[in-house]
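Student: Before I ask anything, let me first share the structure, which is written out below as C-alpha cells.
The values are calculated or read from the model by the stated rules, or taken from the named source; none is laboratory data. Since the structure is predicted, the reported quantities are computational estimates derived from the model, not experimental observations. No Cβ is skipped: glycine too gets one built from the backbone with ideal geometry, and neighbour counts run over all protein chains shown. For accessibility, only protein heavy atoms count, side chains too; no ligands or nucleic acids. Shrake-Rupley method; radii C 1.70, N 1.55, O 1.52, S 1.80 Å.
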Amino acid sequence: MRSFSLAAAISLATLSASALGQALTQATLLKAPPESWASYNGDYSGRRFSALDQINQSNVGNLSLAWTTRFIADYGGVKIKATPLLVNGILYFTSPNSVWAADARSGRELWHYQYPRNTGSAIGNRGVGMYGNWLFFESPDSHLISLDARTGKERWRIEIADPKLDYTSTVAPVIVGDHVLIGIGGDHLDNPGFLESRDPETGALQWRWWTTPRRGEPGIETWPNEQAAIHGTGQTWLPGTYDPALNLYYIGVGNPNPVIAGQGRKGDNLYTCSIVALNPDTGKLVWYFQVSPHDTHDWDAAQTPILFDGTINGQPRKLLAQASRNGYFFVLDRTNGSHILTRPYIDTLNWSKGINAKGQPIPNPDKEPRTDGVLVSPTSNGATNWPAPSFSPDTGLFYVGTVSAYSLFYVTDDDDFPVGWGGRDLNVSNDASSLIAIDYKSGNIVWRHEWPGGGGPSHILTTAGKLLFTHNQNYFIAFDPANGSILWHAGLAAAPSAGPITYLLDGKQYILVPAADSLYAFTVIMALN
C-alpha cells in the first residue's frame, strides 16, 4: 500500500523524469561522489566524512534553515532513526513500517510506502539500501522488502526470521556487488544470530553466516556445548563497512545470551561481542577480534568499524577503528585483524584488570553481576551506543559521543542454566555525556566537550570545510574538529534522532539532519550588504 499527498503529486509532476529514472550504479557506490549520500555511512568506509567544503569555517555563521518537513504515517507515531540516502536529488528514508521519498531541494514528499500493521517490535529502523532503481528495507516483523525507488511500489517481500521467536529487524541493508547484506536483531531470547546475503533481483538467499559456531566449527570450544552456542544469540543489528580492495565486509556482533547471567555459557563465547571480517561473496569468516570475551554486562561490538589508512610506527597500514560499547577504543590491521591499540575512552571504566597479549580487556571477576548487585561502569547502554561516530582524514582524529555512568548489575536467574534475560542493571548515577576526539595512533583524547545536563551519545558528521556537526538535546551544533570550539548552533523542535548528512544540489551545499518526525535542511544564506 502507498499513500500520496497532494503536495507529493505536485512535486512528482514537477520533478524531472530523468532524476526519477536515474539508477544508483555500482560505480557510484564504490567511488561515493561527495555530492551524494548513497549508503548508510555515505561511503563504504564508515567514516561519515564529506569532501564538500562550500560550507566551511568562514561562512558557517551564515548557515540558515533552507526547509523543514514533517512526515506522517498511516498509523503509529513517526521517529526517523534512519540516515537518509541522497541519490540524484531525492532523499530516501524510513521509520518503522514506512519508507519515504522526498525532493532534496524542498523537502516535499514524493511518495510514501506503508507496510501493513504487524506484531514486530518497532524499536527503530536505520534506513534503506539502494541498488539500481531498487530500495531495500527491513520491517519490524523481520521481512526484507524491495521497492521501486521511482514509484514506491512494492516489488517483493520475504521473511528473514520468524517474529514469533522474538526476532526483529532494524538494520539498513548494505549493497556490495550483487549482494544485499542484512542483519537481524531481537530481544536476546535464545535465538541464534546471523548475517545473510540476498539476491537484489529476487530476494533469494545467497548465503547465511551464523554468529555462533556449530559442532566441528572453529570457535565451538569457547562454548560449553553446541546447544549453548546455538542459543547464544549475537545479533547483527547495525550496518557494517566494506573494503573493495580486500573484498572484506566488516561488522560488529552483539552480546551473548543468556544476558548478564553467564554461568551456563562458560568460555569466551565466540563470535559474540566481536568484530568480524567476512568475504561478501561467500559469507566465509576471514578473521575476528573479540572485544569483550564472555560478556556479562549486555555490551556488544555492533558499533561502526571505521576504515581508513594511516601510519603506525612510521609504516603505512590499512586500519580499522572502533569505539566499542564496553568503553574501549580499538585499532586493528584490517587485512588480518591483528591488534594494534587498545585504550579506554571513558574515565569511569572499572570492569577490567588491564589488557592481555591479544589486546583484549581482561574482565575483573569482582565486577561480575551478583544476586546482591555490583557497581560497574559503563552501564548496559554502554560508553557509546548506535549513534554514528566519524573519522576525519584531515585531522586524523576519531570522533564519538560518550556516556560515563554507573549501574548496579544484578543476576536474577541464578540457575545453573539460565535462559533469556538472566539479570538486570540499575543506573545509579547522573550520566555525564561528552563529545571526544581520539588520536588513533596513541588512543589519547585530544579534546573533549562535556555536555551540560547530560544526554546520550550523539551522531556525528565531519567535512572538508573543517567542520564537525553533531547535537545535544534539541540543539544542532557545528564544531571546529581540530580543537572542539563551537562555531554555530541552531535550536530544533526536537532532538536529532539520526545521523546528519551533507549533499550538493544545483551548486549549493546542504546539511540535513532528522529530528523526531521531521527533516531539517540547512544551507548558507549570504549576508546582505
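Student: Restricting attention to region 294-327, which residues are without any contact (Cβ under 8 Å) to a residue 60 or more places away in the chain and outside any loop (DSSP other than H, G, I, E, B)?
Tutor: Correct list: 309, 315, 316, 317.
Student: Please state which one of 77, 61 is open to solvent by 40 Å² or more (accessible area, probe 1.4 Å) and touching a strand residue (DSSP E or B) at 6+ places or on another chain (Cβ under 7 Å). Steps first, answer last, please.
Tutor: Values: 77 fails: touching a strand residue (DSSP E or B) at 6+ places or on another chain (Cβ under 7 Å).
The unique qualifying residue is 61.
Student: From (1) more than 19 Å from the chain's Cα centre (by Cα); (2) more than 26 Å from residue 488 (Cα to Cα); (3) of a type in the set (Phe, Trp, Tyr), pick out the condition that doesn't hold for residue 67.
Tutor: (2)
Student: Do you know which of the residues in region 480-529 that are in contact with a His (Cβ under 8 Å, 6 or more places away or on another chain) and not hydrophobic (A, V, I, L, M, F, W, C) is nearest to residue 125 (Cα to Cα)?
Tutor: 499
Student: If you don't mind, another one. Take the residues of region 249-278 that are assigned to a loop (DSSP other than H, G, I, E, B) and closer than 30 Å to residue 30 by Cα: which is farthest from the chain's Cα centre (by Cα)?
Tutor: Taking region 249-278 and keeping what is assigned to a loop (DSSP other than H, G, I, E, B), we get 253-255, 257-258, 260-273.
Still in the running and closer than 30 Å to residue 30 by Cα: 253-254, 271-273.
Values: 253: 12, 254: 12, 271: 19, 272: 17, 273: 15 Å.
Once the filter is applied, the top-ranked residue is 271.
Student: Confirm whether residue 435 is open to solvent by less than 50 Å² (accessible area, probe 1.4 Å) and not in a loop (DSSP other than H, G, I, E, B). Break it down into steps so the answer makes sense when it comes.
Tutor: Details: open to solvent by less than 50 Å² (accessible area, probe 1.4 Å): yes; not in a loop (DSSP other than H, G, I, E, B): yes.
Judged against the criteria, residue 435 is a match.
Student: Which residues, taken from region 478-492, are in contact (Cβ under 8 Å) with a residue 40 or more places away in the chain, small (Gly, Ala, Ser) and farther than 18 Å from residue 523 by Cα? Walk me through it before giving the result.
Tutor: First, pick out the residues of region 478-492 that are in contact (Cβ under 8 Å) with a residue 40 or more places away in the chain: 478-482, 484, 487-488, 490.
In the following step, the residues that additionally are small (Gly, Ala, Ser) were identified as 478, 482, 484, 490.
Result: 482, 484.
Student: Further question: Determine if region 479-493 includes at least one residue that is under 21 Å from the mean Cα position of the chain (by Cα), aliphatic (A, V, I, L, M) and either within 26 Å of residue 82 (Cβ to Cβ) or open to solvent by less than 50 Å² (accessible area, probe 1.4 Å) (or both).
Tutor: Checked region 479-493: no residue is under 21 Å from the mean Cα position of the chain (by Cα), aliphatic (A, V, I, L, M) and either within 26 Å of residue 82 (Cβ to Cβ) or open to solvent by less than 50 Å² (accessible area, probe 1.4 Å) (or both).
Student: Taking the residues in region 329-359 that are open to solvent by less than 20 Å² (accessible area, probe 1.4 Å), part of a loop (DSSP other than H, G, I, E, B) and of a type outside the set (Gly, Ala, Ser) as candidates, determine which candidate is farthest from residue 434 (Cα to Cα).
Tutor: Per the criteria, the residue is 334.
Student: Now for a different question. Scan (1) over 29 Å from residue 319 (Cα atoms); (2) among the aliphatic types (A, V, I, L, M); (3) open to solvent by less than 60 Å² (accessible area, probe 1.4 Å) for the single condition residue 526 breaks and write down its number.
Tutor: Checking residue 526 against (1) over 29 Å from residue 319 (Cα atoms); (2) among the aliphatic types (A, V, I, L, M); (3) open to solvent by less than 60 Å² (accessible area, probe 1.4 Å), the one that fails is (3).
Student: Out of (1) surrounded by 15 or more Cβ atoms within 10 Å (Cβ to Cβ); (2) modelled with pLDDT under 90; (3) not hydrophobic (A, V, I, L, M, F, W, C), what's the single condition that is false for residue 18?
Tutor: So the condition that residue 18 fails would be (1).
Student: Now a separate question. Could you list all residues from region 183-235 that are closer than 16 Å to residue 300 by Cα and of a type in the set (Gly, Ala, Ser)?
Tutor: Residues satisfying the conditions are 183, 185, 186, 193, 232, 234.
Student: Are there any pairs with C-beta distances below 6 angstrom linking a residue in region 428-443 that is more than 22 Å from residue 310 (Cβ to Cβ) to a residue that is assigned to a loop (DSSP other than H, G, I, E, B) and not small (Gly, Ala, Ser), with the two at least 6 apart or on different chains, and if so which?
Tutor: Within 6 Å, the pairs are 428/406; 429/406; 433/451.
Student: Ok, one more. Restricting attention to region 246-275, and to residues there that are farther than 26 Å from residue 413 by Cα and either in contact (Cβ under 8 Å) with a residue 40 or more places away in the chain or among the charged types (D, E, K, R) (or both), which single residue is surrounded by the fewest Cβ atoms within 10 Å (Cβ to Cβ)? It would help to see each step written out before you state the result.
Tutor: As a first pass, look at region 246-275 and keep what is farther than 26 Å from residue 413 by Cα: 246-252, 275.
Add one more test, that the residue is either in contact (Cβ under 8 Å) with a residue 40 or more places away in the chain or among the charged types (D, E, K, R) (or both), and what stays is 246, 248-252, 275.
On the way: 246: 16, 248: 25, 249: 27, 250: 26, 251: 27, 252: 25, 275: 26.
My answer is 246.
Student: Test of understanding: among 196, 217, 221, 226, which residue is within 21 Å of residue 271 (Cα to Cα), surrounded by fewer than 24 Cβ atoms within 10 Å (Cβ to Cβ) and in contact with a helix residue (DSSP H, G or I) (Cβ under 7 Å, 6 or more places away or on another chain)? It would help to see each step written out before you state the result.
Tutor: Values: 196 fails: in contact with a helix residue (DSSP H, G or I) (Cβ under 7 Å, 6 or more places away or on another chain); 217 fails: in contact with a helix residue (DSSP H, G or I) (Cβ under 7 Å, 6 or more places away or on another chain); 221 fails: in contact with a helix residue (DSSP H, G or I) (Cβ under 7 Å, 6 or more places away or on another chain).
Answer to the check: 226.
Student: Can you list the strands (runs of 3 or more DSSP E) found entirely within region 68-117 that contain at least 2 residues being within 19 Å of residue 42 (Cα to Cα)? Let's see the steps before the verdict.
Tutor: On the way: elements: 85-87, 90-95, 98-103, 109-114.
Those strands (runs of 3 or more DSSP E) span 85-87, 90-95, 98-103.
Student: Which pairs turn up if I take residues in region 218-240 that are among the aromatic types (Phe, Trp, Tyr) and look for partners that are open to solvent by less than 10 Å² (accessible area, probe 1.4 Å) with beta carbon separation below 6 Å, at least 6 apart in sequence or on another chain?
Tutor: From residues that are among the aromatic types (Phe, Trp, Tyr), the pairs are 223/229; 237/170; 237/171; 237/183; 237/185; 237/302.
Student: Residues that are in contact with a Cys (Cβ under 6 Å, 6 or more places away or on another chain), under 14 Å from residue 101 (Cβ atoms) and open to solvent by 10 Å² or more (accessible area, probe 1.4 Å): which strands (runs of 3 or more DSSP E) entirely in region 123-164 hold 3 or more of them?
Tutor: none
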